[in-house]
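Reviewing the structure listed below.
The values are calculated or read from the model by the stated rules, or taken from the named source; none is laboratory data. Quick caveat, the model's predicted, so the values are computed rather than measured. Every residue, glycine as well, gets a Cβ built from its backbone with ideal geometry; the counts of neighbours run over all protein chains shown.
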Amino acid sequence: MSGHDNQSISRLSASLVLNVLLAIGLVVAGRLAHSTGLFADAGHNLTDAMAIVLALVASFMARRPPSPRHSFGSQRSTILAALANGVVLVVVTVSIIVVSAVRLVHPIHVRGGIVIVAASASLLLNLVVVGLLRRDAHELSVKSALVHSLGDALSAGVVLASGIITALAHGPIAERIDPIASLIVAAFIVVEAVRITGSSLHILLEGVPTDIDMDDVRSCLCGLEGVVEVHDLHIWSLSSTERALSAHIVVEGDPALSATRRVVHDARAELERRFAIGHATLEVEARACDDPDRHR
């Protein structure tokens, strides 16, 4: 493992510890302040921690070699974990919404001073986590965790604003600011839950990566010298970071073996460069483009 990889894992681990400690602290502060907003922020930090765990798992799984029983390795395990993450997010969100709805109907006094201190600490620590993660944001799994942390910093800002209003204002509206803030945070979590669950299911169902257009890939391959047709094109994801492709490439005439090797080499290089497809299985065929027996 390289020094850069060790530094990346160290930053992820530090971010994970900060998020877990922050979630615990927000739960304690939420109980002391009677604040559903702080509870919601704690739930959001829990989702950050889970995203970082997935990034760590992805980092380790990517280094595990394939085996006779798992020829692609264990990269799909991160997708299963992400799907479980989405389910947990739904449970957390439902709990927040139920408690907030009750507080809207039956408001209780919220200690705005505690909310201000706790939410300020949450905002500060989340910005620290953002600073740690942004150095490795080129990796998709880390980028996902970074997006989580940015969302949680925004949530902490919402809760901080509600704490300030609660501390300074009075009346029935001020009493309901805290549960309203928690509902706003719950909306952020819902967006993340839908995104994570949808992305996980898309990968498990071997859908084409959302940032890849099949026609663009076909045009790329057909643009290579000597290629006249591409058919049986399939693209799917092995994990959030690894993609695979299989295709039949029809070439002109009856080329020599050295020529077909060049076509395959050029095709793989272009697929890696333009679409980040690192695993391409290509079958070269020497048929006329109007062959009626060609499978499409």
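Of all the residues in the range 225-263, those that are in contact with a strand residue (DSSP E or B) (Cβ under 9 Å, 6 or more places away or on another chain) and either at pLDDT below 80 or under 27 Å from His202 (Cβ atoms) (or both) number 19.
Can you tell me which residue within the range 75-94, out of those that are farther than 19 Å from Val191 by Cβ and β-branched (Val, Ile, Thr), is modelled with the highest pLDDT? Applying the filter and picking the extreme gives Ile79.
Does Ser59 satisfy the condition of being more than 17 Å from the chain's Cα centre (by Cα) and at pLDDT below 85?
In short, no.
With the structure loaded, tell me whether Ala119 is surrounded by 20 or more Cβ atoms within 10 Å (Cβ to Cβ) and among the hydrophobic types (A, V, I, L, M, F, W, C) or whether it fails that test. So Ala119 passes the test.
Please find, among Val250, Val227, the residue that is hydrophobic (A, V, I, L, M, F, W, C) and either surrounded by fewer than 20 Cβ atoms within 10 Å (Cβ to Cβ) or more than 14 Å from Leu282 (Cα to Cα) (or both). Steps first, please.
Working: Val250 fails: either surrounded by fewer than 20 Cβ atoms within 10 Å (Cβ to Cβ) or more than 14 Å from Leu282 (Cα to Cα) (or both).
Of the residues listed, the single one that is hydrophobic (A, V, I, L, M, F, W, C) and either surrounded by fewer than 20 Cβ atoms within 10 Å (Cβ to Cβ) or more than 14 Å from Leu282 (Cα to Cα) (or both) is Val227.
Is it the case that Ile97 is part of a helix (DSSP H, G or I), among the hydrophobic types (A, V, I, L, M, F, W, C) and at pLDDT below 85? Judged against the criteria, Ile97 is not a match. Among the residues making up the range 110-156, those that are modelled with pLDDT under 85 and in a loop (DSSP other than H, G, I, E, B) are Ala137, His138, Glu139. Looking at Val159, is it at pLDDT 85 or above, in the same structural domain as Arg76 (by TED's automatic domain parsing) and assigned to a helix (DSSP H, G or I)? The answer is yes for Val159.
One line per residue, one yes/no per condition, for (1) over 12 Å from Ala267 (Cβ atoms); (2) in a helix (DSSP H, G or I); (3) touching a residue at least 24 places away in the same chain (Cβ under 8 Å):
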| position | (1), (2), (3) |
| --- | --- |
| Ser200 | yes, yes, yes |
| Ile203 | yes, yes, yes |
| Glu206 | yes, no, yes |
| Arg218 | no, yes, no |
| Leu221 | no, yes, yes |
| Glu225 | no, no, yes |
| Val228 | yes, no, yes |
| Trp236 | yes, no, yes |
| Thr241 | yes, no, yes |
